[in-house]
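Worksheet for the structure shown next.
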Amino acid sequence: MEKGPFSVEWLAQSSRSGGRGMPGCPPQTPPSVPADTPRDREAAERRSPGHEAEPGGAAPGRSRTKFSAVQLQELERSFREQRYIRAGEKRRLAAVLNLSQSQIKTWFQNRRMKFKRQTQDAR
């Protein structure tokens, strides 16, 4: 059987060489990545105390954010004023509540879906 680009032998060879290049060619080394990237820091934070994974076999990644009563009160107040948050308000809330802008954005997305479910159930 011929070792074409989609044969079993070619796939086995390419997986042994890291999936780079053609069979018989030396494997290429990946470009060096700085050791202290934001992704590395986030991974280290997840491994630190207080960032344990949720029980129940949830997918690995960031653990669920537990909002304080003060944070929820301010987020709900802002939601009552306007369901779609503006960039300036997002930055302000993130600074005041000690949360990231992506956490604020996600909270608003989730809160809009909760609002939608509540209004549909009321009908």
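Laboratory data are not the source of any read-out in this text; all were calculated from the coordinates shown. What you are looking at is a predicted structure, and each value in this text was computed from that prediction instead of being measured. Note that we place each Cβ from the backbone using ideal geometry, even for glycine, and neighbour counts take in every protein chain shown.
For GLU76, neighbours were defined as the other residues whose beta-carbon sits under 13 Å from its Cβ, and their charges (Lys and Arg +1, Asp and Glu -1) total +4.
The share of C-alpha pairs in region 77-117 whose separation exceeds 16 Å stands at 27 percent.
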